[in-house]
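Below is one structure, written out as structure tokens, with a few remarks after it.
The values are calculated or read from the model by the stated rules, or taken from the named source; none is laboratory data. The structure displayed is predicted, hence computed values, not measured ones. With ideal geometry, Cβ positions are generated from the backbone for all residues, glycine too; neighbour counts draw on all protein chains shown. Ligands, DNA and RNA are stripped out before the accessible areas are found, and what is left, the full protein with its side chains, is counted by its heavy atoms. Shrake-Rupley method; radii C 1.70, N 1.55, O 1.52, S 1.80 Å.
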Amino acid sequence: MKAASLRKALVGMATIVIGAAVVYYALIFDGPFPDHPALRGHNDLVLHVAAFLGLSTSVMLLDSRRCTIAGLVVFAGMIEIVQIFEPRRTADWLDFAGSVAGIALAAVLVLGLRWIGTLVASEGVICDE
């Protein structure tokens, strides 16, 4: 059981770090983000998807309840609401949609990882040596 508690502690620390980075870049960071030519001006949208994919994956690995997804969606919405009052930021429905897409991708990823873990455990592949 020590491995499970260590894994949970590491995922918890990763969640805190990723969450702090999301808040910092969403509300505090003032510099421009470089735009890749392939993204054609949608760099911000891709960053929202990636940020919430990372944050949501770590949160969902810690807590498997359905209210976790609702909490993440509310968090994404709150970021956009706070950006209304920030002079350097603008709130955007497309950014919110990108954040929700990241959350949805994380849900699919975590469900897939848990399914694979169940298959591996049922086959007896995991060995405690």
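Tabulated data for the structure shown
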| quantity | calculated |
| --- | --- |
| Count - residues of segment 1-32 that are over 25 Å from residue 110 (Cβ atoms) and out of contact with any Asp or Glu (no Cβ under 7 Å at 6 or more places or on another chain) | 5 |
| Selection count where residues are surrounded by 13 or more Cβ atoms within 10 Å (Cβ to Cβ) and either in contact (Cβ under 8 Å) with a residue 24 or more places away in the chain or assigned to a helix (DSSP H, G or I) (or both), scope segment 20-34 | 6 |
| Residues that are more than 23 Å from residue 84 (Cα to Cα) and either more than 14 Å from the chain's Cα centre (by Cα) or among the aromatic types (Phe, Trp, Tyr) (or both), drawn from segment 14-34 | none |
| Residues of segment 101-113 that turn out to be open to solvent by less than 80 Å² (accessible area, probe 1.4 Å) and among the β-branched types (Val, Ile, Thr), as a count | 2 |
| Qualifying residue in segment 24-36 (condition: within 24 Å of residue 116 (Cβ to Cβ) and out of contact with any strand residue (DSSP E or B) (no Cβ under 7 Å at 6 or more places or on another chain)) | no |
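Every residue, every condition in (1) open to solvent by less than 40 Å² (accessible area, probe 1.4 Å); (2) modelled with pLDDT under 90; (3) small (Gly, Ala, Ser), yes or no:
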| site | (1), (2), (3) |
| --- | --- |
| 54 | yes, no, yes |
| 77 | yes, no, yes |
| 85 | no, no, no |
| 99 | yes, no, yes |
| 115 | no, yes, no |
| 120 | no, yes, no |
| 124 | no, yes, yes |
